[in-house]
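Coordinate-derived values only; no laboratory data. Given the structure is predicted, the values throughout are model-derived calculations rather than measurements. Cβ coordinates were reconstructed from backbone atoms using ideal geometry, including for glycine residues, and neighbour counts include every protein chain displayed.
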Amino acid sequence: MIKHRGFPGRLTGTDHQYVIRRANVKEGATKLVVRERFRDRKATDKAADKGFLTAIWHHFGEEPFERGNLDAGRLSWFFMREILPAEEPFDPASYEAMLKLNLKIATVSFPEVFAADAPEPIWDDEYED
């Protein structure tokens, strides 16, 4: 499992994680599924979504990226909307699965992340393990 060095580990000040520390050797990678985001989600959940998508954008841009140590639960909130499979066939239960940012949908869903005047993100808990 590739570990994305420099990627933030979690939303600062919360338990909303963005990466996992080690692969699940016994059971394998957690399968990515499509999760519905409802409007009545908590403010911290919305902030975690925004922070994660910001990290994806600044870390990978529009280039395909390997799932690696990115948290399956967090990815699933974006899967098949803002984040798409980048290969065929696609294995949603593989750490080696290739993904890509769907910039067209992501800019509509999170315009503040892609705005020309958006500030450069500062993370105080970049993943280095």
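Taking region 52-64 as the range and being on the phi < 0 side of the Ramachandran plot and surrounded by fewer than 21 Cβ atoms within 10 Å (Cβ to Cβ) as the test, the residues that pass are THR54, TRP57, HIS58, HIS59, PHE60, GLU62, GLU63, PRO64. Pairing residues of region 57-76 that are within 17 Å of HIS16 (Cβ to Cβ) with residues that are crowded, with 17+ Cβ neighbours inside 10 Å and hydroxyl-bearing (Ser, Thr, Tyr), at Cβ distances under 6 Å and at least 6 apart in sequence or on separate chains, gives ASP71/TYR18; ARG74/TYR18. Criterion applied to ARG21, ARG41, ARG37, ARG5 was being of a type in the set (D, E, K, R), free of Cβ contacts under 8 Å to residues at least 24 places away in the same chain, assigned to a loop (DSSP other than H, G, I, E, B) and more than 20 Å from ALA86 (Cβ to Cβ), and the one residue passing it is ARG41. The single condition among (1) charged (D, E, K, R); (2) assigned to a loop (DSSP other than H, G, I, E, B); (3) touching a residue at least 40 places away in the same chain (Cβ under 8 Å) that LYS50 does not satisfy is (2). For region 35-49, check the following and say yes or no: at least one residue is surrounded by 15 or more Cβ atoms within 10 Å (Cβ to Cβ), under 19 Å from PHE114 (Cβ atoms) and not hydrophobic (A, V, I, L, M, F, W, C). Within region 35-49, one or more residues are surrounded by 15 or more Cβ atoms within 10 Å (Cβ to Cβ), under 19 Å from PHE114 (Cβ atoms) and not hydrophobic (A, V, I, L, M, F, W, C). The set of residues in region 87-113 that are surrounded by 15 or more Cβ atoms within 10 Å (Cβ to Cβ), out of contact with any Asp or Glu (no Cβ under 9 Å at 6 or more places or on another chain) and either part of a loop (DSSP other than H, G, I, E, B) or not β-branched (Val, Ile, Thr) (or both) comprises ASP91, PRO92, SER94.
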